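Undergrad: The structure's right below; bear with me while I get my questions together.
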Amino acid sequence: MLKVGLTGGIGAGKSEVSRLLAGYGAVLIDADRIAREVVEPGTPGLAAVVAAFGPEILTPGGTLDRPRLGSIVFSDAERLATLNSIVHPLVGARSAELEAAAAPDAVVVHDVPLLTENGLAPLYDVVVVVDASPETQLERLVRLRGMTESEARARMAAQATREQRRAVADLVIDNDGPLETLEPQVRAVWADLTERAARAA
């Protein structure tokens, strides 16, 4: 099994890369998706988040009001750390379960937004960073996700710098350009990863 950590700044296009890799045959473990699962209604995770932040972070239907929680934690490093201390161990445990279920010769890609920030690079055989300039990230967040420029800048500022991410990378995918320039790069990375997996088997 080859354990791959895939990361990139918000708006860099990591989700598109993970989608392509899964299409080629990677076993994808998406930390963001798991992070949503562990705070669904009725979970111990949601109960812990409500205990820490109060019932006002719930929607009238009893689900987590993500925009509201985001507006609280992304402007307050201490409260963000509190949230992470609840969610990250739950995500880690579920990720380990999914990895253990993968085939022995699998390329297991862990899609981890905060890989650099949380010092997780040593957990993986290979770290792949999806890289885009801050200008590109900002433009995508405003155009595609409907954020204001100040919201987008706050989200970007809460993450590692481009230089910090590149420093932990074994492979870098440049996603500053249009979508058609991305796919050939991802295909080349997949060829590299499958070759490494074969050597490790």
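The values are calculated or read from the model by the stated rules, or taken from the named source; none is laboratory data. The shown structure was predicted, so the numbers you read here are calculated from the model rather than taken from an experiment. Every residue, glycine among them, receives a Cβ derived from its backbone with ideal geometry; neighbour counts consider all protein chains shown. Note: areas computed on protein heavy atoms with side chains; ligands, DNA, RNA excluded. Shrake-Rupley method; radii C 1.70, N 1.55, O 1.52, S 1.80 Å.
Undergrad: Which condition from (1) modelled with pLDDT of 90 or more; (2) of a type in the set (Ser, Thr, Tyr); (3) farther than 11 Å from residue 49 by Cβ is the one that residue 82 breaks?
TA: (3)
Undergrad: In the range 78-113, which residues are over 24 Å from residue 195 (Cα atoms), among the aliphatic types (A, V, I, L, M) and loosely packed, with under 15 Cβ neighbours inside 10 Å?
TA: 81, 93 - these are the residues of the range 78-113 that are over 24 Å from residue 195 (Cα atoms), among the aliphatic types (A, V, I, L, M) and loosely packed, with under 15 Cβ neighbours inside 10 Å.
Undergrad: Next question. Could you tell me whether residue 61 is open to solvent by less than 40 Å² (accessible area, probe 1.4 Å) and either free of Cβ contacts under 8 Å to residues at least 60 places away in the same chain or within 20 Å of residue 154 (Cβ to Cβ) (or both)?
TA: No.
Undergrad: Suppose the filter is small (Gly, Ala, Ser) and open to solvent by less than 20 Å² (accessible area, probe 1.4 Å); does residue 197 pass it?
TA: When the stated conditions are applied, residue 197 passes them.
Undergrad: Right, next: Considering only residues that are modelled with pLDDT under 95 and among the β-branched types (Val, Ile, Thr), which ones fall in the range 1-42?
TA: 10 - this is the single residue of the range 1-42 that is modelled with pLDDT under 95 and among the β-branched types (Val, Ile, Thr).
Undergrad: Given the conditions (1) among the aliphatic types (A, V, I, L, M); (2) under 18 Å from the mean Cα position of the chain (by Cα); (3) over 12 Å from residue 17 (Cβ atoms), report the number of the one that residue 130 does not fulfil.
TA: Result: residue 130 fails condition (3) only.
Undergrad: Scanning for something assigned to a loop (DSSP other than H, G, I, E, B) and closer than 18 Å to residue 29 by Cβ, does the range 186-199 turn up at least one residue?
TA: No, that holds for no residue.
Undergrad: Something else: Spot the failing condition for residue 54; the list is (1) out of contact with any Gly (no Cβ under 6 Å at 6 or more places or on another chain); (2) at negative phi; (3) without any contact (Cβ under 8 Å) to a residue 24 or more places away in the chain, and only one is missed.
TA: Of everything listed in (1) out of contact with any Gly (no Cβ under 6 Å at 6 or more places or on another chain); (2) at negative phi; (3) without any contact (Cβ under 8 Å) to a residue 24 or more places away in the chain, residue 54 misses just condition (2).
Undergrad: Give me the residue from the range 128-185 that is of a type in the set (Lys, Arg) and surrounded by 14 or more Cβ atoms within 10 Å (Cβ to Cβ) and, out of that set, modelled with the lowest pLDDT.
TA: So the residue we want is 155.
Undergrad: Among the residues of the range 152-179, write down those that are out of contact with any Phe, Trp or Tyr (no Cβ under 7 Å at 6 or more places or on another chain), of a type outside the set (D, E, K, R), in contact (Cβ under 8 Å) with a residue 40 or more places away in the chain and assigned to a loop (DSSP other than H, G, I, E, B).
TA: 159, 160, 168, 169, 175 - these are the residues of the range 152-179 that are out of contact with any Phe, Trp or Tyr (no Cβ under 7 Å at 6 or more places or on another chain), of a type outside the set (D, E, K, R), in contact (Cβ under 8 Å) with a residue 40 or more places away in the chain and assigned to a loop (DSSP other than H, G, I, E, B).
Here's the yes/no breakdown for (1) closer than 29 Å to residue 46 by Cβ; (2) part of a strand (DSSP E or B); (3) touching a residue at least 12 places away in the same chain (Cβ under 8 Å):
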| site | (1), (2), (3) |
| --- | --- |
| 102 | yes, no, yes |
| 114 | yes, no, yes |
| 118 | yes, no, yes |
| 122 | no, no, no |
| 136 | no, no, yes |
| 143 | no, no, no |
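Undergrad: Here's something else I'd like to know. From the set of residues in the range 17-48 that are of a type in the set (Ser, Thr, Tyr) and either assigned to a helix (DSSP H, G or I) or in contact with a Cys (Cβ under 7 Å, 6 or more places away or on another chain) (or both), which is most open to solvent (accessible area, probe 1.4 Å)?
TA: In this case the residue turns out to be 24.
Undergrad: Return yes when residue 2 is open to solvent by less than 80 Å² (accessible area, probe 1.4 Å), closer than 30 Å to residue 150 by Cα and more than 17 Å from the chain's Cα centre (by Cα) and no when it is not.
TA: Here the answer is no, as residue 2 does not meet what is asked.
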